[in-house]
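S.K.: Pasting a structure here, questions to come.
The values are calculated or read from the model by the stated rules, or taken from the named source; none is laboratory data. Please read all numbers here as calculations on a predicted model, not as lab measurements. Don't worry about glycine lacking a Cβ; one is built from the backbone with ideal geometry, like all the others, and counts go over all protein chains shown. Note: areas computed on protein heavy atoms with side chains; ligands, DNA, RNA excluded. Shrake-Rupley method; radii C 1.70, N 1.55, O 1.52, S 1.80 Å.
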Amino acid sequence: MTKKFTLLRAVLVLSFMLFGLKSGAQINYSQNFDGATIDWYNPGYFDTDNTFSCNGVSIYTNLYYLDDFEKDAYSMPIGISNGQEATLTYNFKLLDFETLEAFTGANWGTITVQYGTSLDGPWTAIDVISDANHTPSDICGLRTVSFTPPSGTNIHLRIVAEVNGNTETDALAFFDDVTVIQDASPGCTGVPAGVAITSSTTAACATQQINLALNPQAVSGLTYQWFSSSNGTDFSPIANATSATYTATQTQTTWYRLNVTCAAGQQTVTTNAVQVTSTGFPCYCDAVFDGGTEPITLVNFAGIDNASSAATSSPGMESFVSLAPAQVVAGQSYTITLKGNTNGNYTNYFTVYIDFNRDGDFVDQGEMFSVAGTIRNSTGEDSQQVTADIQIPATVQTGITVMRVFKLYNIAAVDPCDASEGLGFGQIEDYAINIAAPCSVPAPQAPGLQSFCGVATVSMLTASSNSGSVVWYSASEGGEPLAGSANLVSGIYYAAVITNVCESPRTQVDVTVDVVPAPEATADQVFCNGATIADFVINGNGTIAWYTTAQGGEPLSATTPLVNDVVYYVGQSFGECQSPRIAVSALVTTVPAPAGAATQDFVIGAEGLPIGQVVVQGTANGMIMWYATLQDALAQTNPLLETYAIMDSGTYYAVQTANGCASEPFAVRVNITLGTDNVAKANFKCYPNPATDVLNVSSSKPVVAVAVFNMLGQKVADFSNGNAAVSQCNIASLTAGTYLVKATDVSGASASFKVIKK
């Protein structure tokens, strides 16, 4: 509230009053500040004084070193410039704040007198007072300076006082007896140049006064004649309208133009034509926003979508009745959306009025609509807004009427013509609305229950009508139609038919949207060569399906081989509803099989051939394991130990492993030939073979040691007894299978046999 009361006090202190524009195009202005009202505006800490003044009443301000901001005062328009040189005179003095005698301090700051063509500037310096050109005195001194303001513009004066931080500065600056006298324009000598007219409004209500004026001319000796036309083509002179301005009221749209004549040579120029439209509406009451404009910046209602200026210099009342009217239907409800600038951290309220009975006011029952909600500390261009549903009565008179939007500081408007409850801060905007007769459009037909899977949009809803376009809402009344691209959720939706400005009753539809969650899986999964789709690890409760694309395509078979570094997509379904698919990358490690000769020949002694001597090659980081059968190699079971000795010819299988993965088996045919030191094997006998309980061992010399090994090279039985002869071995406790039996006689000769235990 500080800002608002400070501004109000400043206005009251200087008794500000906005005078009408000076007539004619030559400045002849004076102001001694002695009257009850003065045409100066002071938002910047100026006051009035008649005790220490220059003459009667003066305006003054305090130059204090702690006040590090501009202190200024503005005049209202002092006249219209004719482009000639003007002379400014004024009285001025500086007094010491403490002694009230002449101020003698140095380096105290500056006093600048400026002129501008509007209160918003830009400002041009006319005179600058500083300690360099100031003569201390307790008596006001007259200052005189000349300047040439631009032709054809209203001129304002401004006084700006600034200190420079000198801690010794504390003075009072007084101003008085301001005059501006401009040289007279030269007389016209030929055809008037650059003539154009303007109107105070382009759209006028029934009793509104229209002010037409010629753009100021920097010459004298001109005469004038105004003309009017009802069609913009055929113009007739207006009786007694012979000055540079013309004021009128009108009941129909009218065009105006002006003939400007140089009296000396009787040369005449005709201006442009200005059209003033008749709104056809009564002139509604005005509200005075003497606190300041806090503008409405958006009105969106039934086809009106008007974004207006957020500037606080906007008029307190703005008429937009010339815009295309809102299109509403009796008995229907419409949403209005409103925004505005609060001009700081203040709260604003909105009220909407509609003159339903067209009697020229908004005070009849049912013509006021309160808008719930407020805006606070809004620029009018941010996201803050308020909305309300406006119900058009079913029995209202059809046709065009006026809607008023009233924005007010700190309180909702009650009187459509009074802003005083909001301390005069806010704005009014008027609009036209066209009320059509009640609708008779039948409601659309639609299935009462509609179900969807996954992501579904409004455009997928089903409804039909032969009357017009079908739209969908999320509410049974009011609101805006939903976009076709809006996602559906389980709930109730409403279909309606819109034709022209009519809308049918709404048909209710219960919508069910089953959203199936995607299954869960590790994004990167590692496999060995030979892996298939079935080897993926996936968590899901529905039916799982794998694809090569994120959408569409056919599901892959569970036996489909996985390819390294390929992305696969998996989803799940429940009935006809499918989940989104997630991406899973397959990282497949392929280990090459060992390489070597497929057939290898060896000559062995009595100890047999260590399997490690069979020659195969693998990769640098691989490890090779041997197996006695292809089944063991494929299953990687029963690997042969490095100590395993090959005694007879046969096929063995090498498998390479790396990074936890195994290669395909590589088969090697090993051909065994006995060496000369193993010929003695022919003297050994081992029977029966197959054997069940007792195995007989004999040789040409006594057998003193018998050892039994499984096919992995592990010793599973030992029948040695020092140097005592061994002829029978009880193998009943051994499990059925194939074993190697090694027999040794007293001379140290030995032989190995492959024996089957039943």
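S.K.: What accessible surface, in Å², does a 1.4 Å probe find on residue 285, ignoring ligands, DNA and RNA and rounding to the nearest 10?
M.R.: 40 Å²
S.K.: Quote the relative contact order of region 499-557 in percent (integer), defining contacts as alpha-carbon pairs under 8 Å separated by 6+ residues.
M.R.: 25 percent
S.K.: Which value, in Å², gives the accessible area per residue of region 469-612 when a 1.4 Å probe is used on the protein heavy atoms?
M.R.: 53 Å²
S.K.: Which FRET efficiency value, to the nearest 0.05, is calculated for residue 464 and residue 37 with the Förster distance at 60 angstrom and r the Cβ-Cβ distance?
M.R.: Plugging the Cβ-Cβ distance into 1/(1 + (r/R0)^6) gives 0.25.
S.K.: Shifting gears a bit: Between residue 106 and residue 664, what length comes free when the chain is fully extended (0.36 nm per residue of separation minus the Cα-Cα distance, one decimal in nm)?
M.R.: 190.5 nm
S.K.: Taking the Cα centre of region 92-179 as the origin, how large is its charge dipole in debye, to the nearest 20, when only Lys and Arg (+1) and Asp and Glu (-1) carry charge on their Cβ atoms? Don't jump to the answer; show the numbers that get you there.
M.R.: Details: 3 positive and 12 negative charges, 95 e Å.
Dipole size: approximately 460 debye.
S.K.: Taking only DSSP H segments of four or more residues, each worth -39500 (n - 2.57), what value at 222 nm results for the chain once the sum is divided by all its residues, to the nearest 500 deg cm²/dmol?
M.R.: Using -39500 (n - 2.57) per qualifying helix, the result is -500 deg cm²/dmol.
S.K.: Shifting gears a bit: If region 349-434 were replaced by its equivalent ellipsoid, with semi-axes equal to the square roots of 5 times the Cα gyration tensor eigenvalues, what would those be, largest first, whole Å?
M.R.: Numbers: eigenvalues 115, 44, 23 Å².
So the three semi-axes of region 349-434 are 24, 15, 11 Å.
S.K.: Right, another one. Can you give the accessible area per residue of region 207-306, in Å², using a 1.4 Å probe?
M.R.: I get 46 Å² per residue for this part.
S.K.: What's the longest piece of the chain with no exposed chymotrypsin sites (Phe, Trp or Tyr not before Pro), counting a site as exposed if DSSP puts it in a loop and it has at most 15 other beta carbons within 10 Å?
M.R.: Result for the longest clean stretch: 98-758.
S.K.: Sticking with this structure for a sec: Between helix 2-13 and the chain, what is the angle of the helix's C-alpha long axis to the longest principal axis, kept within 0 to 90° and rounded to the nearest 10?
M.R.: Long axis of 2-13 versus the principal axis of the chain: about 10 degrees.
S.K.: Kirkwood hydrodynamic radius of region 400-504 from all distinct Cα pairs, in Å?
M.R.: 17.3 Å
S.K.: To continue, here is another question. Assigning unit charges at the beta carbon (Lys, Arg +1; Asp, Glu -1) and nothing else, what dipole magnitude in debye, to the nearest 20, does the chain show about its Cα centre?
M.R.: It works out to roughly 3940 debye.
S.K.: Taking the DSSP beta bridges in the chain as the whole, what percent of them are antiparallel, to the nearest 5?
M.R.: Taking every DSSP beta bridge with both residues in the chain, the antiparallel ones total about 85 percent.
S.K.: Could you work out how far apart the two model spin labels at residue 449 and residue 603 are, taking each label as a point 7 Å from the Cα in the direction of the beta carbon, and quote it in nm?
M.R.: 9.2 nm
S.K.: Okay, moving on. Less than 15 Å apart at the alpha-carbon level, and either on another chain or at least 8 residues along: which aspartates and glutamates does that give for residue 71?
M.R.: Correct list for residue 71: 47, 162, 170.
S.K.: At a 1.4 Å probe radius, carbon and sulfur cover how many percent of the accessible area of region 273-393?
M.R.: Here it works out to 45 percent.
S.K.: Okay, next question. Restricting to Cα pairs below 8 Å that are 6+ residues apart, what does the relative contact order work out to for region 591-669? Please round to a whole percent.
M.R.: Working: 154 pairs, mean separation 31.8, N = 79.
With pairs under 8 Å counted, the relative contact order is 40 percent.
S.K.: Determine the relative contact order of the chain: mean sequence separation of Cα pairs under 8 Å and six or more apart, normalised by residue count, in whole percent. The partial results should precede the final answer.
M.R.: Numbers: 1969 pairs, mean separation 48.9, N = 758.
Relative contact order, the chain: 6 percent.
S.K.: Kindly write out, for region 751-758 in residue order, the coupling ³J(HN,Hα) from the Karplus curve 6.51 cos²θ - 1.76 cosθ + 1.60 (θ = phi - 60°), rounded to whole Hz, with x marking Gly and Pro.
M.R.: Karplus-based 3J(HN,Hα) across region 751-758 equals 8, 10, 10, 8, 10, 9, 9, 8 Hz.
S.K.: For a label point 7 Å from the Cα of residue 685 along Cα→C-beta, name the residues of region 708-745 whose backbone N is under 17 Å from it.
M.R.: Within reach of a label on residue 685: 726-729, 743-745.
S.K.: Next question. When ligands, DNA and RNA are left out and all protein chains stay put, how many square angstrom of accessible area per residue does region 412-466 have with a 1.4 Å probe?
M.R.: I get 44 Å² per residue for this part.
S.K.: Could you tell me how many cubic angstrom of Cα convex hull volume region 530-633 has per residue?
M.R.: 159 Å³
S.K.: Along the Cα-to-C-beta direction of residue 529, a point sits 7 Å from the Cα; which residues of region 630-656 have their amide N less than 19 Å from that point?
M.R.: Answer for region 630-656: 630-637, 653-656.
S.K.: Still on this model: Starting from the 7 Å offset along Cα-to-Cβ, what nm value, one decimal, do you get for the label separation of residue 347 and residue 120?
M.R.: 3.1 nm
S.K.: Ratio of alpha-carbon Rg to the 2.2 N^0.38 Å globular estimate for region 474-562, to two decimals, please. Don't skip to the end; give the middle numbers.
M.R.: Working: Rg = 22.6 Å, N = 89, 2.2 N^0.38 = 12.1 Å.
Normalised Rg, Cα atoms only: 1.86.
S.K.: What is the gain in length, in nm to one decimal, between residue 583 and residue 483 on full extension, counting 0.36 nm per residue of separation less the C-alpha to C-alpha distance?
M.R.: 32.9 nm
S.K.: Also, quick follow-up: In µm²/s, what is D for region 19-162 at 20 °C and 1.002 mPa s, where D = kT/(6 pi eta Rh) by Stokes-Einstein and Rh is the Kirkwood radius from Cα pairs?
M.R.: 133 µm²/s
S.K.: Quick one, can you get me the convex hull of the C-alpha atoms of the chain expressed as volume per residue in Å³?
M.R.: 369 Å³
S.K.: From the backbone phi of region 108-121, what are the Karplus-calculated ³J(HN,Hα) couplings (6.51 cos²θ - 1.76 cosθ + 1.60, θ = phi - 60°) in whole Hz, Gly and Pro given as x?
M.R.: Taking θ as phi minus 60°, the curve returns 8, x, 9, 10, 10, 9, 10, 10, x, 9, 7, 5, 8, x Hz for region 108-121.
S.K.: From the convex hull of the Cα coordinates of region 237-316, what is the mean projected area in square nanometres?
M.R.: 9.2 nm²
S.K.: Which value in Å is the Kirkwood Rh of region 83-239 over different Cα pairs?
M.R.: Every distinct Cα pair counted, the radius reaches 19.8 Å.
S.K.: For the chain, which cysteines have no second Cys with its Cβ under 4.7 Å from theirs?
M.R.: So far as the 4.7 Å Cβ criterion goes, 686, 729 stand without a partner in the chain.
S.K.: At a Förster distance of 35 Å, what's the computed FRET efficiency of residue 389 paired with residue 207, Cβ-Cβ distance as r, to 0.05?
M.R.: After rounding, the FRET efficiency stands at 0.55.
S.K.: How compact and how long is region 635-736, expressed as Rg and Dmax of its alpha-carbon atoms in Å?
M.R.: Final numbers for Rg and Dmax: 17.4, 53 Å.
S.K.: Work out the FRET efficiency for residue 727 and residue 543 from their Cβ-Cβ distance, taking R0 = 60 Å, and round it to the nearest 0.05. Each step should come with its number before you reach the end.
M.R.: On the way: r = 70 Å, r/R0 = 1.16.
FRET efficiency, residue 727 to residue 543: 0.30.
S.K.: Computing the accessible area with a 1.4 Å probe over protein heavy atoms, can you report the carbon and sulfur percentage for region 500-620?
M.R.: 52 percent
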